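K.L.:
One structure, pasted below without further comment.
The values are calculated or read from the model by the stated rules, or taken from the named source; none is laboratory data. What you see is a predicted model; the values in this text were computed from it and never measured. FYI the Cβ positions are ideal-geometry reconstructions off the backbone, even for glycines, and counts take in every protein chain you see.
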Amino acid sequence: MAQDLFSSGAIKSATDFQVYKEVAGLSGLDFAYSDNTAVYHTKNDKLKLLKSGSLQHLGENMLAFLLQAAASSHLPTSEAMEADEKSDQDTVIYFDILGTHMIVFRQRFASMLYNSVIMQSLLIWATSLLMGGYSSAISLGLSFLGVILMWICSLSFSALVAFILPLVSWSPVPYVSSPWLVVGLFAAPALLGAFIGQHAGYLILETYLLRVFSKRKGNLSPVLQAAWAKLDAERWLFKAGLLQWLILLMVGNYYKIGSAYVALAWLVSPAFACKLT
(Lines give C-alpha, C1' and ligand atoms only; values in the text may rest on other atoms or scores of the structure.)
Protein backbone atom coordinates (compact mmCIF):
# COMPACT_ATOMS: atom_id res chain seq x y z
CA MET A 1 0.00 0.00 0.00
CA ALA A 2 2.83 2.38 0.84
CA GLN A 3 4.40 1.58 -2.53
CA ASP A 4 1.17 2.54 -4.31
CA LEU A 5 0.91 5.80 -2.38
CA PHE A 6 4.47 6.87 -3.14
CA SER A 7 4.40 5.79 -6.79
CA SER A 8 1.12 7.62 -7.38
CA GLY A 9 2.60 10.92 -6.21
CA ALA A 10 -0.03 11.37 -3.49
CA ILE A 11 2.76 11.67 -0.91
CA LYS A 12 5.32 14.28 -1.91
CA SER A 13 8.40 12.68 -0.42
CA ALA A 14 11.66 11.57 -1.95
CA THR A 15 15.39 11.31 -1.32
CA ASP A 16 18.29 13.14 -2.92
CA PHE A 17 18.58 10.32 -5.44
CA GLN A 18 15.47 11.57 -7.23
CA VAL A 19 17.36 14.69 -8.36
CA TYR A 20 20.01 12.58 -10.10
CA LYS A 21 17.37 10.41 -11.70
CA GLU A 22 14.94 13.08 -12.95
CA VAL A 23 17.30 15.98 -13.67
CA ALA A 24 20.55 14.29 -14.67
CA GLY A 25 18.93 11.20 -16.16
CA LEU A 26 21.20 8.83 -14.24
CA SER A 27 20.17 5.32 -13.24
CA GLY A 28 20.93 3.67 -9.96
CA LEU A 29 19.60 2.28 -6.71
CA ASP A 30 18.43 4.24 -3.69
CA PHE A 31 19.45 2.95 -0.26
CA ALA A 32 18.08 4.73 2.79
CA TYR A 33 17.84 4.21 6.54
CA SER A 34 14.36 3.96 8.00
CA ASP A 35 14.91 2.83 11.59
CA ASN A 36 14.19 6.18 13.25
CA THR A 37 12.12 8.18 10.79
CA ALA A 38 11.47 10.93 13.36
CA VAL A 39 14.92 12.43 12.72
CA TYR A 40 14.63 12.32 8.92
CA HIS A 41 15.68 15.73 7.50
CA THR A 42 16.17 17.21 10.96
CA LYS A 43 19.25 18.50 12.78
CA ASN A 44 19.89 14.98 14.09
CA ASP A 45 19.99 13.48 10.60
CA LYS A 46 23.78 13.10 10.70
CA LEU A 47 26.20 10.41 9.67
CA LYS A 48 27.84 10.30 13.10
CA LEU A 49 24.53 9.40 14.76
CA LEU A 50 24.05 6.21 12.76
CA LYS A 51 24.06 2.99 14.73
CA SER A 52 27.23 0.99 14.91
CA GLY A 53 27.48 -1.38 11.97
CA SER A 54 24.83 0.33 9.85
CA LEU A 55 27.28 1.33 7.12
CA GLN A 56 28.82 -2.15 7.18
CA HIS A 57 25.40 -3.79 6.77
CA LEU A 58 24.53 -1.39 3.96
CA GLY A 59 27.77 -2.20 2.15
CA GLU A 60 27.24 -5.93 2.54
CA ASN A 61 23.71 -5.71 1.15
CA MET A 62 24.82 -3.59 -1.80
CA LEU A 63 27.73 -5.90 -2.59
CA ALA A 64 25.59 -9.05 -2.46
CA PHE A 65 22.94 -7.45 -4.66
CA LEU A 66 25.42 -6.16 -7.24
CA LEU A 67 27.18 -9.53 -7.47
CA GLN A 68 23.89 -11.31 -8.12
CA ALA A 69 22.61 -8.68 -10.53
CA ALA A 70 25.84 -8.48 -12.54
CA ALA A 71 25.97 -12.26 -12.96
CA SER A 72 22.35 -12.50 -14.07
CA SER A 73 21.65 -13.16 -17.74
CA HIS A 74 18.29 -11.40 -17.41
CA LEU A 75 19.71 -7.98 -16.59
CA PRO A 76 17.54 -5.56 -18.61
CA THR A 77 18.86 -2.69 -20.68
CA SER A 78 17.98 0.93 -19.99
CA GLU A 79 15.56 0.98 -22.94
CA ALA A 80 13.77 -2.10 -21.67
CA MET A 81 13.48 -0.64 -18.17
CA GLU A 82 11.97 2.58 -19.52
CA ALA A 83 9.49 0.59 -21.59
CA ASP A 84 8.51 -1.46 -18.52
CA GLU A 85 7.99 1.69 -16.45
CA LYS A 86 5.64 3.12 -19.08
CA SER A 87 3.65 -0.10 -19.44
CA ASP A 88 0.98 -0.78 -16.81
CA GLN A 89 0.49 -4.30 -18.17
CA ASP A 90 4.05 -5.34 -17.19
CA THR A 91 4.02 -3.92 -13.68
CA VAL A 92 5.16 -6.48 -11.13
CA ILE A 93 2.93 -7.12 -8.11
CA TYR A 94 4.61 -8.72 -5.13
CA PHE A 95 3.92 -9.43 -1.48
CA ASP A 96 5.10 -11.84 1.18
CA ILE A 97 3.25 -14.25 3.45
CA LEU A 98 4.37 -13.65 7.03
CA GLY A 99 7.89 -13.02 5.77
CA THR A 100 8.38 -16.65 4.71
CA HIS A 101 7.19 -16.80 1.09
CA MET A 102 7.27 -14.20 -1.67
CA ILE A 103 4.40 -14.10 -4.18
CA VAL A 104 5.18 -12.39 -7.50
CA PHE A 105 2.96 -12.00 -10.55
CA ARG A 106 2.40 -9.56 -13.41
CA GLN A 107 -0.31 -6.94 -13.73
CA ARG A 108 -1.61 -8.70 -16.85
CA PHE A 109 -2.34 -11.88 -14.87
CA ALA A 110 -3.73 -9.84 -11.97
CA SER A 111 -6.17 -8.06 -14.29
CA MET A 112 -7.45 -11.36 -15.67
CA LEU A 113 -7.82 -12.79 -12.16
CA TYR A 114 -9.53 -9.69 -10.79
CA ASN A 115 -11.91 -9.45 -13.75
CA SER A 116 -12.88 -13.09 -13.32
CA VAL A 117 -13.60 -12.68 -9.61
CA ILE A 118 -15.49 -9.42 -10.19
CA MET A 119 -17.71 -10.95 -12.88
CA GLN A 120 -18.50 -14.01 -10.73
CA SER A 121 -19.23 -11.83 -7.71
CA LEU A 122 -21.54 -9.57 -9.71
CA LEU A 123 -23.33 -12.64 -11.04
CA ILE A 124 -23.82 -13.98 -7.51
CA TRP A 125 -25.08 -10.60 -6.29
CA ALA A 126 -27.48 -10.19 -9.20
CA THR A 127 -28.90 -13.68 -8.68
CA SER A 128 -29.28 -13.10 -4.95
CA LEU A 129 -31.12 -9.80 -5.42
CA LEU A 130 -33.39 -11.15 -8.16
CA MET A 131 -34.38 -14.12 -6.00
CA GLY A 132 -34.88 -11.97 -2.90
CA GLY A 133 -36.88 -9.25 -4.58
CA TYR A 134 -37.52 -5.72 -3.41
CA SER A 135 -36.93 -6.40 0.29
CA SER A 136 -33.48 -7.86 -0.47
CA ALA A 137 -32.47 -4.69 -2.30
CA ILE A 138 -33.61 -2.56 0.64
CA SER A 139 -31.80 -4.86 3.09
CA LEU A 140 -28.62 -4.62 1.05
CA GLY A 141 -28.82 -0.84 1.00
CA LEU A 142 -29.39 -0.61 4.74
CA SER A 143 -26.61 -3.09 5.49
CA PHE A 144 -24.19 -1.12 3.32
CA LEU A 145 -25.32 1.99 5.18
CA GLY A 146 -23.95 0.27 8.28
CA VAL A 147 -20.58 -0.12 6.55
CA ILE A 148 -20.59 3.57 5.62
CA LEU A 149 -21.48 4.57 9.18
CA MET A 150 -18.71 2.31 10.44
CA TRP A 151 -16.09 4.10 8.34
CA ILE A 152 -17.47 7.56 9.14
CA CYS A 153 -17.45 6.97 12.90
CA SER A 154 -14.07 5.23 12.82
CA LEU A 155 -12.34 8.02 10.92
CA SER A 156 -14.16 10.71 12.90
CA PHE A 157 -13.04 9.32 16.25
CA SER A 158 -9.41 9.14 15.08
CA ALA A 159 -9.56 12.65 13.62
CA LEU A 160 -11.05 13.94 16.87
CA VAL A 161 -8.12 12.50 18.81
CA ALA A 162 -5.70 14.14 16.37
CA PHE A 163 -7.33 17.54 17.00
CA ILE A 164 -7.51 17.14 20.79
CA LEU A 165 -4.02 15.67 21.26
CA PRO A 166 -2.03 18.92 20.77
CA LEU A 167 -4.29 20.66 23.31
CA VAL A 168 -3.81 18.17 26.14
CA SER A 169 -0.38 16.66 25.48
CA TRP A 170 3.08 18.06 26.09
CA SER A 171 3.91 17.09 22.52
CA PRO A 172 1.58 17.23 19.50
CA VAL A 173 3.06 13.96 18.24
CA PRO A 174 4.07 11.89 21.29
CA TYR A 175 3.83 8.68 19.26
CA VAL A 176 6.96 9.62 17.29
CA SER A 177 9.25 8.77 20.19
CA SER A 178 7.00 5.91 21.35
CA PRO A 179 5.34 4.30 18.31
CA TRP A 180 3.32 1.90 20.45
CA LEU A 181 1.21 4.88 21.58
CA VAL A 182 -0.46 4.82 18.15
CA VAL A 183 -2.42 1.75 19.26
CA GLY A 184 -4.00 3.53 22.21
CA LEU A 185 -4.29 6.99 20.68
CA PHE A 186 -5.69 6.13 17.26
CA ALA A 187 -6.36 2.40 16.84
CA ALA A 188 -8.55 2.11 19.95
CA PRO A 189 -10.79 5.12 19.09
CA ALA A 190 -11.02 3.94 15.48
CA LEU A 191 -12.11 0.49 16.65
CA LEU A 192 -14.62 1.98 19.07
CA GLY A 193 -16.03 4.20 16.34
CA ALA A 194 -16.28 1.24 13.98
CA PHE A 195 -18.27 -0.72 16.56
CA ILE A 196 -20.61 2.20 17.22
CA GLY A 197 -21.20 2.94 13.54
CA GLN A 198 -21.81 -0.66 12.58
CA HIS A 199 -24.09 -1.24 15.56
CA ALA A 200 -26.15 1.81 14.57
CA GLY A 201 -26.51 0.40 11.06
CA TYR A 202 -27.35 -2.99 12.52
CA LEU A 203 -30.18 -1.54 14.61
CA ILE A 204 -31.64 0.25 11.58
CA LEU A 205 -31.47 -2.92 9.50
CA GLU A 206 -32.92 -5.06 12.29
CA THR A 207 -35.87 -2.69 12.68
CA TYR A 208 -36.65 -2.93 8.96
CA LEU A 209 -36.32 -6.72 8.89
CA LEU A 210 -38.54 -7.08 11.95
CA ARG A 211 -41.23 -5.10 10.18
CA VAL A 212 -40.86 -7.30 7.08
CA PHE A 213 -41.05 -10.53 9.08
CA SER A 214 -44.11 -9.31 10.98
CA LYS A 215 -45.91 -9.09 7.61
CA ARG A 216 -44.54 -12.25 6.00
CA LYS A 217 -44.47 -14.51 9.04
CA GLY A 218 -47.34 -13.23 11.09
CA ASN A 219 -48.06 -16.76 12.37
CA LEU A 220 -44.81 -16.75 14.37
CA SER A 221 -44.55 -15.38 17.86
CA PRO A 222 -42.92 -11.95 18.36
CA VAL A 223 -39.94 -13.64 20.02
CA LEU A 224 -39.26 -15.83 16.98
CA GLN A 225 -39.77 -12.89 14.64
CA ALA A 226 -37.17 -10.89 16.58
CA ALA A 227 -34.76 -13.84 16.49
CA TRP A 228 -35.22 -14.22 12.72
CA ALA A 229 -34.66 -10.49 12.26
CA LYS A 230 -31.39 -10.59 14.24
CA LEU A 231 -30.05 -13.57 12.30
CA ASP A 232 -31.00 -12.05 8.96
CA ALA A 233 -29.49 -8.69 9.93
CA GLU A 234 -26.17 -10.38 10.74
CA ARG A 235 -26.30 -12.23 7.41
CA TRP A 236 -26.84 -9.00 5.50
CA LEU A 237 -24.03 -7.25 7.37
CA PHE A 238 -21.74 -10.09 6.32
CA LYS A 239 -22.82 -9.58 2.71
CA ALA A 240 -22.29 -5.83 3.03
CA GLY A 241 -18.71 -6.50 4.06
CA LEU A 242 -18.25 -8.60 0.91
CA LEU A 243 -19.74 -5.81 -1.18
CA GLN A 244 -17.29 -3.37 0.38
CA TRP A 245 -14.32 -5.50 -0.69
CA LEU A 246 -15.87 -6.03 -4.12
CA ILE A 247 -16.07 -2.26 -4.66
CA LEU A 248 -12.48 -1.82 -3.49
CA LEU A 249 -11.35 -4.60 -5.84
CA MET A 250 -13.15 -2.98 -8.77
CA VAL A 251 -11.56 0.40 -8.02
CA GLY A 252 -8.13 -1.17 -7.55
CA ASN A 253 -8.44 -3.12 -10.78
CA TYR A 254 -9.56 -0.06 -12.73
CA TYR A 255 -6.67 2.10 -11.54
CA LYS A 256 -4.15 -0.81 -11.62
CA ILE A 257 -3.38 -0.51 -7.90
CA GLY A 258 -0.81 -3.08 -6.84
CA SER A 259 -2.29 -3.69 -3.39
CA ALA A 260 -5.68 -4.66 -4.84
CA TYR A 261 -4.79 -8.25 -3.94
CA VAL A 262 -5.73 -7.38 -0.34
CA ALA A 263 -9.35 -6.87 -1.38
CA LEU A 264 -9.16 -10.07 -3.43
CA ALA A 265 -7.99 -12.09 -0.43
CA TRP A 266 -10.81 -10.74 1.76
CA LEU A 267 -13.41 -11.29 -0.95
CA VAL A 268 -12.76 -14.73 -2.44
CA SER A 269 -12.92 -17.11 0.53
CA PRO A 270 -15.99 -15.58 2.27
CA ALA A 271 -17.73 -15.26 -1.10
CA PHE A 272 -17.35 -18.97 -1.83
CA ALA A 273 -18.41 -19.84 1.72
CA CYS A 274 -21.50 -17.67 1.33
CA LYS A 275 -22.23 -19.28 -2.04
CA LEU A 276 -21.93 -22.80 -0.65
CA THR A 277 -24.20 -22.05 2.29
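K.L.:
Out of the residues in the stretch 14-43 that are modelled with pLDDT under 75, among the hydrophobic types (A, V, I, L, M, F, W, C) and part of a helix (DSSP H, G or I), state the one that is farthest from Val173 (Cα to Cα).
P.N.:
Selected residue: Val39.
K.L.:
Here is a further query. Go through the stretch 44-93 and count every residue that is within 26 Å of Phe105 (Cβ to Cβ) and modelled with pLDDT under 75.
P.N.:
The total comes to 17.
K.L.:
Pick from Val147, Val176, Val117: which is in contact (Cβ under 8 Å) with a residue 24 or more places away in the chain and part of a loop (DSSP other than H, G, I, E, B)?
P.N.:
None of the others qualify; the one that does is Val176.
K.L.:
Hey, any hits in the stretch 259-276 for a residue that's surrounded by 18 or more Cβ atoms within 10 Å (Cβ to Cβ) and modelled with pLDDT under 90?
P.N.:
Taking every residue of the stretch 259-276 in turn, at least one turns out to be surrounded by 18 or more Cβ atoms within 10 Å (Cβ to Cβ) and modelled with pLDDT under 90.
K.L.:
Answer with yes or no whether Gly241 is free of Cβ contacts under 8 Å to residues at least 12 places away in the same chain and farther than 15 Å from Ser136 by Cα.
P.N.:
no
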